[in-house]
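S.K.: Take this structure, written in C-alpha cells, and hold onto it; I'll ask about it next.
The values are calculated or read from the model by the stated rules, or taken from the named source; none is laboratory data. Please read these numbers as outputs of a predicted model, since none were measured by experiment. Here the Cβ positions follow ideal geometry from the backbone for every residue, glycine too, while neighbour counts run over all protein chains shown.
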Amino acid sequence: METERSRDAPGAEAAPTSISVLLAVHNGERDLSYQLAALGPQCGGDVEIVMVDDGSSDSSPDIIAEFAKRHPLTLISHPKPMGKAYCLNMAASTAQGEFLITLDQDDIIGDAYIERMGTELRRYPFVAARLEYDKLNPRWLADALRNAPNQDLANITLYGQKASEEGSGIRRVPVANGCALGIRRSVLTQLDGFAADVGVADDLDLCLRAEFAGIPYRRAETAVLHYRLRATARGLLSQRYGYGVSWAALYRKYRSAGMRRPGLRRTVREVLSSLRGVISASRMTRASGTARLGFTLGRIGGSVKYRAYYI
C-alpha cells in the first residue's frame, strides 16, 4: 500500500480541514473523469479529497494522476483489490476532516453539493443526499428502475420483540445509498467504521447500526447527487445480483434483530415474474425484469454463500 499527498500551489496557505471527501476507485476509467470534473471546483480550502485506488488495472491511476496536477488530494494505492468497505475505512483513517462525505466513481455530484452536505453535517451527525436519475440516464431507463429492488431505499423493516415500535412489533429503519452519505468522524468511529462482512451492503449496514445507536440519518434535500444506472442487461444483472448476495449477508447478521426472509413462495413468484419481464417487448419492462431477476438470483446465491437461507 502506498500513500501520496499532492500539494497546494506554491505560496498557498493551507486552511484547516473540516470536510473530507472519500472516494474508492476500482477500474473506473469510463466514468471517473466526469465525477472528478464536478468534484474538483468544489474542493480546496477546508475541503480535502482522499482517494483510494483499489487495485485498478485500467487507466484509472492515470486519470487520478492528471487530476492531482490541478487539485490537492491524498491518494492511497493498493496493488490488489481489497473491497469498498476496507477502502473507505482506510480513507477515513487518513482523512483530517471531522465531516466525511462518501462518493462513488460513476456518479456526478450536483451544484454546491459539498457545501450543502457540509451545512447539513453541522446540524446533524449523519445525512444522505437526494438521488436524481434523469441527468445521466435515458428517461425510459430511469422510469423503469426508479422503484427497482435496492434502488434509493426508504427503509428496512424489522419485526419482533427487538424491533418494537409503539407496541406494534414493527420497526422501520431508514437507510440510504453509500454513494451519497455524509457522517461525522466521531460517529463513524463510534460505529466502528464500515463493515466488510456484508458485501456491497456496507451502506445499509451502517444505517442499521446508526439507528440502533440512536443516530438515524437525515435526508439532505438540497444536496443532489446525479446517479448513474447500469444501461446494459449484463451490467444491470451483475450489479443487482451483487445487491441480492449482500442482502443475504445482511439477513444473516440481522435476523436476530427482526429482519425477515421473503419466503420461498414469494421468491418463486419473483423469479417467474421477472423472467416474463426479461422477454417482454417493452425495454422498460425488460430493464425492470432484469433488475428484479438479478436481485432475486443474488438472494438465492447469497443464501448458499452465507448459509443464511434468505429465500
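S.K.: Take the residues in segment 257-311 that are farther than 24 Å from Ala231 by Cβ and of a type in the set (Gly, Ala, Ser); name whichever of them is surrounded by the fewest Cβ atoms within 10 Å (Cβ to Cβ). Steps first, please.
M.R.: Of the residues in segment 257-311, the ones farther than 24 Å from Ala231 by Cβ are 257-269, 272, 300, 302-311.
Keeping just the survivors that are of a type in the set (Gly, Ala, Ser) gives 257-258, 263, 302-303, 308.
Details: Ala257: 16, Gly258: 19, Gly263: 10, Gly302: 28, Ser303: 21, Ala308: 19.
Applying the filter and picking the extreme gives Gly263.
S.K.: Let me ask you something else. May I ask you to list the residues in segment 164-187 that are of a type in the set (A, V, I, L, M), surrounded by fewer than 20 Cβ atoms within 10 Å (Cβ to Cβ) and either at pLDDT 90 or above or not in a strand (DSSP E or B) (or both)?
M.R.: Here is the first cut: in segment 164-187, the residues of a type in the set (A, V, I, L, M) are 170, 173, 175-176, 180-181, 183, 187.
The next check asks that each one be surrounded by fewer than 20 Cβ atoms within 10 Å (Cβ to Cβ); those that pass are 170, 187.
Passing the criteria: only Val187.
S.K.: For segment 244-252, does any single residue satisfy the condition of being touching a strand residue (DSSP E or B) at 6+ places or on another chain (Cβ under 9 Å), within 29 Å of Asp143 (Cα to Cα) and aliphatic (A, V, I, L, M)?
M.R.: yes
S.K.: If you don't mind, another one. Is there a residue in segment 232-240 that is touching a residue at least 40 places away in the same chain (Cβ under 8 Å) and out of contact with any helix residue (DSSP H, G or I) (no Cβ under 6 Å at 6 or more places or on another chain)?
M.R.: Step one: of segment 232-240, the residues touching a residue at least 40 places away in the same chain (Cβ under 8 Å) are 233, 236-240.
If we keep only those that are out of contact with any helix residue (DSSP H, G or I) (no Cβ under 6 Å at 6 or more places or on another chain) as well, we get 238-239.
Yes: segment 232-240 contains one or more residues that are touching a residue at least 40 places away in the same chain (Cβ under 8 Å) and out of contact with any helix residue (DSSP H, G or I) (no Cβ under 6 Å at 6 or more places or on another chain).
S.K.: Right, here's the next one. Would a scan of segment 207-224 turn up a residue that is surrounded by fewer than 20 Cβ atoms within 10 Å (Cβ to Cβ) and under 21 Å from Gly298 (Cα atoms)?
M.R.: No.
S.K.: With the checklist (1) closer than 12 Å to Ile311 by Cβ; (2) not in a helix (DSSP H, G or I) in hand, flag the one item Arg228 doesn't pass.
M.R.: The number of the failed condition is (1).
S.K.: Please go through segment 41-74 and pick out each residue that is outside any loop (DSSP other than H, G, I, E, B) and over 20 Å from Gly178 (Cα atoms). Don't jump to the end; show me each part of the working.
M.R.: Within segment 41-74, the first condition is being outside any loop (DSSP other than H, G, I, E, B), and the residues that meet it are 41-42, 44, 47-54, 60-68, 74.
Selection gives Pro41, Gly44, Ser60, Pro61, Asp62, Ile63, Ile64, Ala65, Glu66, Phe67, Ala68, Thr74.
S.K.: Looking at (1) surrounded by 21 or more Cβ atoms within 10 Å (Cβ to Cβ); (2) on the phi > 0 side of the Ramachandran plot, find the lone condition where Ala249 falls short.
M.R.: Answer for Ala249: the failing condition is (2).
S.K.: Tally the residues that are of a type in the set (S, T, N, Q) and surrounded by fewer than 20 Cβ atoms within 10 Å (Cβ to Cβ), restricting the search to segment 92-131. Lay out the reasoning, then the answer.
M.R.: To start, the set of residues in segment 92-131 that are of a type in the set (S, T, N, Q) comprises 93-94, 96, 102, 105, 119.
Next, from what is left, pick out any that are surrounded by fewer than 20 Cβ atoms within 10 Å (Cβ to Cβ): 93-94, 96, 119.
The number of residues fulfilling the criteria is 4.
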